[in-house]
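Data block below; observations after.
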Amino acid sequence: MSGTMTAVAGFVDGKWLEEGGGAAGLLDKYTGEVIAEVAATDRPQVSAAVAALQESQRRVVLPPRQRADVLLRAAELVRARRAELIRTVQADTGFALGDASKEVDRTAETLTLCAEEAKRLVGHMVPIQGAPNSLGRISYTKCEPYGLVCALTPFNSPLNTVAHKVAPAIAAGNSVLLKPASLTPLSAQSFVQLLLDAGLPPEKIGLVYGPGAQVGRWLAEEPAIDYYAFTGSTATGEQLHRSVGMRRTQLEMGSLASTFVCRDVDVEAAATAIVGGALRKSGQVCTSVQRVYVDEGICGELVRLVVDGMAKEVAGDPGDPATTVGPLIARAEACRVEEWIAEAVRLGGEAVCGGSRRGSVVEPAVLVDVPDSARIVGAELFGPAVVIGSYSDFGEALEEANSTPYGLAAGIFTNSLDLSFQAIDALDVGNVYINQTSGSRADLMPFGGFKLSGFGGAEGPAYAVRDMSREKTVTWALS
């Protein structure tokens with residue numbers, strides 16, 4: 001990437017901030033060059049943002065149709081500014097062109113879905129006359145916003161996950177305070193500007209920057225925040241949950257996704273899907289294909305096909321349109337991924353292909369015969385590598401996949417209804433994909449994990465909008 005970009009210190013009380021609590025350089029993820037100076041929001045500014053949004057929630061009320069119109073116009077602006085937003089996402093993340101393009105396109109889809117939900121958020125009639133002594137009574141529920149939603153978003157989806165937190169909150173009538181990942185501030189700034197240009201009253205949105213250990217802690221300490229929508233690591237999610245007590249949370253956390261390939265499938269098609277599922281965003285996705293369990297009768301063939309597919313990928317400069325696998329979010333993360341691959345080999349595994357590092361770029365890797373003691377088997381890698389192992393008993397493979405503390409997603413390739421339903425019933429995960437990899441999410445579906453992968457409400461516009469609303473029961477006694 002080339003060129004210089006700038007970022008402000010946040011958006012507080014309807015105004016962009018030029019100065020904050022100290023500036024840091026934002027690095028190009030491929031070259032390591034400074035491309036922007038970003039100031040962290042200081043403690044008084046964070047408190048001012050919360051106070052202003054709390055006050056706006058009392059005096060600026062958007063009816064459902066107006067919320068929907070704002071979100072629809074924002075979706076139109078995403079499409080109109082597509083090229084500019086793709087460049088911003090690439091500058092923030094180092095994503096290859098294809099990944100950045102999908103990030104922007106999905107953001108428009110998410111905004112549109114949330115606009116639709118804003119128009120149909122209603123309560124329901126309560127059949128109170130079925131209760132004793134209730135003749136002449138009617139009862140119904142109505143949906144109201146919680147108040148102030150704090151959106152805490154990750155680096156690996158700097159527009160679409162922001163949309164999945166902010167847009168449902170707006171659709172439900174809440175005010176929103178956004179704190180993006182420190183490594184991807186430019187996309188969040190662009191998103192807030194989109195909403196303002198789409199007609200969102202500036203009093204209804206805030207943006208603060210800074211490290212989660214500091215600014216995130218300040219936000220958790222703000223008693224006026226009613227709801228926290230978070231995507232990030234399990235450790236950080238657990239800490240947030242402990243800090244905010246009885247307040248509502250939506251926590252999307254760590255994962256260790258598995259995909260299964262049975263012997264009755266088109267092996268070549270499964271291999272192609274696995275390559276794509278393992279390398280999207282350079283493997284930096286919570287549902288990335290990391291562990292693959294293959295029927296022993298076709299394991300050798302699948303490994304060969306996956307290796308062939310990996311060889312066709314181009315890892316390198318995201319500014320080159322031919323690149324399909326860009327750098328990791330930071331050089332330190334690339335070094336960690338390289339070390340995890342090397343450790344797996346030291347412990348007896350084999351790197352059939354890839355695994356070398358150039359700066360922040362890691363060549364896509366396939367590993368086999370990796371022992372369970374290797375970190376790449378038992379922890380989330382967040383990098384472009386896949387571990388393939390064979391099984392002779394499908395039930396035992398399902399049990400092994402369940403043995404981790406995580407439960408977000410799993411995929412299974414099979415033409416057998418029996419094996420499909422066996423997996424659906426056995427897998428302790430929130431999302432099961434049949435004849436798809438673990439990373440086959442669609443934005444309109446409910447998305448959430450079990451165990452240490454998720455807590456609270458699910459993502460997905462229809463589900464998040466309802467979860468970011470509270471339902472009030474009203475009863476009338478008619479004279």
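Brief remarks on what is shown
- Strands (runs of 3 or more DSSP E) completely within region 139-254 that count 1 or more residues being in contact with a Pro (Cβ under 9 Å, 6 or more places away or on another chain) and surrounded by fewer than 19 Cβ atoms within 10 Å (Cβ to Cβ): none
- Members of region 395-405 found to be in contact with a Leu (Cβ under 9 Å, 6 or more places away or on another chain) and under 17 Å from THR437 (Cα atoms), listed by number: LEU398, ALA401, ASN402
- Residue match in region 96-107 (condition: surrounded by fewer than 24 Cβ atoms within 10 Å (Cβ to Cβ), modelled with pLDDT of 95 or more and on the phi > 0 side of the Ramachandran plot): no
- Options SER101, SER56, SER47: the member that is closer than 19 Å to ILE329 by Cβ and either of a type outside the set (D, E, K, R) or under 25 Å from the mean Cα position of the chain (by Cα) (or both): SER101
- Test: residue in region 453-461 that is under 29 Å from LYS165 (Cβ atoms), at pLDDT 95 or above and part of a helix (DSSP H, G or I): yes
- Per-region count, region 266-304, residues of a type in the set (D, E, K, R) and closer than 27 Å to MET253 by Cα: 3
- Residues in region 255-265 that are of a type in the set (S, T, N, Q) and more than 13 Å from the chain's Cα centre (by Cα) were compared, and the one that is surrounded by the most Cβ atoms within 10 Å (Cβ to Cβ) is THR259.
- Residue that is farthest from GLN284 (Cα to Cα), among those in region 104-130 that are in contact (Cβ under 8 Å) with a residue 60 or more places away in the chain and either among the acidic types (Asp, Glu) or touching a Lys or Arg at 6+ places or on another chain (Cβ under 9 Å) (or both): ILE128
- Those helices (runs of 4 or more DSSP H) lying entirely in region 320-439 with at least 2 residues assigned by TED's automatic domain parsing to the domain that holds LEU26 and closer than 26 Å to THR93 by Cα: none
- Considering region 32-59, the residues that are modelled with pLDDT of 95 or more and in contact with a Ser or Thr (Cβ under 8 Å, 6 or more places away or on another chain) include one that is surrounded by the fewest Cβ atoms within 10 Å (Cβ to Cβ), namely GLY32.
- Those residues of region 111-138 which are in a helix (DSSP H, G or I), buried (at least 18 other Cβ atoms within 10 Å of the Cβ) and either touching a Leu at 6+ places or on another chain (Cβ under 6 Å) or not acidic (Asp, Glu) (or both), in sequence order: LEU111, THR112, LEU113, CYS114, ALA115, ALA118
- Restricting attention to region 276-312 and to residues that are assigned to a loop (DSSP other than H, G, I, E, B) and either over 24 Å from the mean Cα position of the chain (by Cα) or among the β-branched types (Val, Ile, Thr) (or both), the residue that is surrounded by the fewest Cβ atoms within 10 Å (Cβ to Cβ) turns out to be LYS312.
- Test: ARG247 is among the basic types (Lys, Arg), without any contact (Cβ under 8 Å) to a residue 40 or more places away in the chain and touching a strand residue (DSSP E or B) at 6+ places or on another chain (Cβ under 9 Å): yes
The values are calculated or read from the model by the stated rules, or taken from the named source; none is laboratory data. Being a predicted model, the structure only gives us computed values, none of them experimental. For neighbour counting, all protein chains shown are included, and Cβ atoms are generated from backbone atoms with ideal geometry for every residue, glycine included.
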